[in-house]
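**Student:** So that we are looking at the same thing, I have put the structure below in structure tokens.
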Amino acid sequence: GAVFTKDEFKTWARENVILLELDFPKRTVIPAHIKQQNQGLAQAFGVRGYPTIWVFEANEQEGGKMNLNALAKSGYMANPKDWIADIEKKIKESREAQADSK
């Protein structure tokens, strides 16, 4: 099964992230405004295959607005250990690169 149904992923996710799932159904009829919203999100986030997983860091700005900082992008992997190691490596590299640019 998919890595996202495995207990190891669920435990990691519970401890490290807030999950948001955006569904892009192929066979299910969805309202036109949702389909248009999905197309806009797919374009904005560079989604070319499914699943595409983005990890963002949210920081509150003045006035209560949230600033999302993209840290890492991943796709499908069968093994939860491999997926977690890959995404954590990408997050670490992204944070290091951002720290170096400041």
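No value in this document is a laboratory result; all are computed from the given coordinates. The model shown is predicted, which means the values in this text are computed figures rather than measured ones. Cβ sites come from the backbone with ideal geometry, for glycine too, and all protein chains shown count toward neighbours.
**Student:** Could you give the dipole magnitude of the chain about its Cα centre, charging the beta-carbon of Lys and Arg +1 and that of Asp and Glu -1, in debye to the nearest 20? Mind showing how you got there, number by number?
**Tutor:** Working: 15 positive and 14 negative charges, 87 e Å.
Using Cβ point charges on Lys, Arg, Asp and Glu, the chain gives about 420 debye.
**Student:** Once phi is turned into ³J(HN,Hα) by the Karplus curve 6.51 cos²θ - 1.76 cosθ + 1.60 with θ = phi - 60°, what whole-Hz value does each residue of region 57-72 show in order, with x for glycine and proline?
**Tutor:** 10, 9, 10, 6, 9, 4, x, x, 6, 9, 10, 9, 10, 5, 9, 7
**Student:** Taking 10 °C and 1.306 mPa s as the conditions, I'd like the Stokes-Einstein D for the chain in µm²/s, using the Kirkwood hydrodynamic radius from alpha carbon pairs.
**Tutor:** Numbers: Rh = 15.6 Å.
For these conditions, the coefficient is 102 µm²/s.
**Student:** Please give, to one decimal in nm, the separation of the simple spin-label points placed at A85 and T5, each 7 Å out from Cα toward the Cβ.
**Tutor:** 2.4 nm
**Student:** Can you tell me the alpha carbon radius of gyration of region 39-97 divided by the globular rule-of-thumb value 2.2 N^0.38 Å? Don't skip to the answer; put the middle values down first.
**Tutor:** Working: Rg = 13.5 Å, N = 59, 2.2 N^0.38 = 10.4 Å.
Rounded to two decimals, the normalised Rg is 1.30.
**Student:** Give me the one-decimal nm value for the distance between modelled label points at A44 and M66, 7 Å along each residue's Cα-to-Cβ direction.
**Tutor:** Result for the modelled spin labels: 1.2 nm.
**Student:** Just for the Cα atoms in region 12-56, what are the lengths along the principal axes, largest first, rounded to whole Å?
**Tutor:** 35, 20, 17
**Student:** Do the sum for the chain: with -39,500 (n - 2.57) for every DSSP H run of n ≥ 4, divided by all residues, what is the mean residue ellipticity at 222 nm, to the nearest 500 deg cm²/dmol? The partial results should precede the final answer.
**Tutor:** Working: 3 runs with 44 residues, N = 102.
Per the formula, -14000 deg cm²/dmol.
**Student:** Please name which of N59, V3, I84 has its Cα lying farthest along the dipole of the chain towards the positive end, using unit charges on Cβ (Lys, Arg +1; Asp, Glu -1) and the Cα centre as origin.
**Tutor:** With unit charges placed on the Cβ atoms, the residue in question is V3.
**Student:** For the pair D100 and H33, what calculated FRET efficiency results from E = 1/(1 + (r/R0)^6), where r is the Cβ-Cβ distance and R0 = 30 Å, to the nearest 0.05? Walk me through the numbers on the way to the answer.
**Tutor:** On the way: r = 42 Å, r/R0 = 1.40.
In this case the efficiency is close to 0.10.
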